[in-house]
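Rule-based calculations on the coordinates, nothing more; no lab input. Bear in mind that the values here come from a model prediction, so they are computed numbers and not experimental data. Neighbour counts run over all protein chains shown; Cβ positions are idealised from the backbone, glycine included.
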Amino acid sequence: MSESFHFMSEVFRIIKGALRLDIDRVRNYTAFLATKLHESGDEETAARLRRLLLDEDHQLRPAGVSSARTLPVDSESRFPLIERINPQATDEPPVVLDDTQWATVREFISVAKSQGQIEADGVAATVSLLVYGPPGTGKSRLARFVAAELGLDLYITRLDGLISSFLGNTSKNIRALFEFASKRPCVLFLDEFDAVAKLRGDIHELGELKRVVNSFIQNLDSLGHQSIVLAATNHDELLDSAVWRRFAYRLKLVHPDSTLRRKLWEQFLPSVPKRKKDLLVLVDLSDGFSGADIREVCLRLERKQIVEKYVATLADAFTALRNIGIGEGEARRATISGLHGMSPRQIARALRERDERLYSAEILGRLLGVSKATAYRWTVTRVVTNG
């Protein structure tokens, strides 16, 4: 009963598009309905709908000036304002989140899937999720995951790319973006969200830019109940309070704790032997690393195995971690960053002092590529310095 009710809500959307002479809305929702019917097992009806879509002799005309199948472009540079991605559930492993975060994501996806029924009950609103947190915590991958779960195309726009040297064109870009998204079932992902949605009260911003923020909010309000919006920012402190209110769901992503780091290593690590002790060592050494950092280390190991045709070792993982730990974010990667500039002997002693039980002579030998006896001797012999 609820499934057929969901299909009828899609029919209502198609009829609404026809009444508005919006051929793109009719075609997009008809294709969406055909896909859902096919997935439910009604292949005959799905095939009939698809045959109708092949008929080019339509009497309706698009409601807008341009075809919704053409990506909107910046009026000044002519560069596309949006990128289309068709994510598949198998494209990437699922995002690693804790139970509370997953509860928010699952509720968001459930509501998005039931939006037709909710709209028919008269309590619909734009389904929107704001994801915020430091770089490398999985915001873009989460957007891909949501779109794949919903079976919808993902349209990505980086809002810093919307800002034109002529601020009047910026408002036009924003309007073109939202008009485009309103004409199809999709997930609209607004990346670098703080670029436009800054505090209107910022005394350093021009009045025209504040009007751009207002234009953005107005377009977001008028987007329509059928639209699913995700926004991501690394700087949530810059967001206007009015912008926060436009997002019913909010999700803070942070650098992973030890439990999540272990899941990340288990998920991404290639055919390096996954001994329990090795995983504990990698979890400890990656304290302060983002999920993207850990994934990059694992990709480096995988490439090394392909090129050099051998199974990567714990020493290879340690070398990659030390290299990734250089530069931006060193302060939070305290464990690994504190080893920069040390000799192997000094590293052995430092790690042994950090956790004597975890960093045994056997583990230290494998991390540093020396024998167990040598590693043991380094940790029990005082380092002699000149002077």
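L358 to E107: FRET efficiency via 1/(1 + (r/R0)^6), r the Cβ-Cβ distance, R0 41 Å, to the nearest 0.05?
About 0.60, to the nearest 0.05.
Close amide H pairs (under 5 Å, H built 1.01 Å from N) link C186 with I228, residues at least 5 positions away or on another chain. Compared with the alpha-carbon gap, the fully stretched path from V73 to R211 is longer by 47.6 nm at 0.36 nm per residue. Between D257 and D98, the simple label model (points 7 Å from Cα in the Cβ direction) yields a spacing of 0.4 nm. On a 23 Å Cα-Cα criterion, which of the cross-link pairs K36/K183; K36/K113; K113/K210; K276/K309; K210/K252; K172/K210 come out too long? Pairs exceeding the cut-off: K113/K210; K276/K309; K210/K252.
Partners of K277 within straight-line reach, counting lysines whose Cα lies under 16 Å from its Cα and excluding those fewer than 8 residues away in the same chain: K263, K372. Residue separation of L299 and S343 scaled by 0.36 nm, minus their Cα-Cα distance, works out to 13.2 nm of gained length. Of the trypsin sites (Lys or Arg not before Pro) found in region 313-387, those in coil by DSSP whose Cβ has at most 16 other Cβ atoms within 10 Å are R332, R357, R382. Counting 0.36 nm for each residue step from E328 to E43 and taking away their Cα separation leaves a gain of 97.3 nm. Which net charge results when you count Lys and Arg as +1 and Asp and Glu as -1 among the other residues whose beta-carbon is under 15 Å from that of G133? After counting each charged neighbour, the total is -3. For E266 and E308, a Förster radius of 30 Å and the Cβ-Cβ distance give a FRET efficiency of 0.80, rounded to the nearest 0.05. Net charge near G327, counting Lys/Arg +1 and Asp/Glu -1 over other residues with Cβ under 14 Å of its Cβ? That works out to -1.
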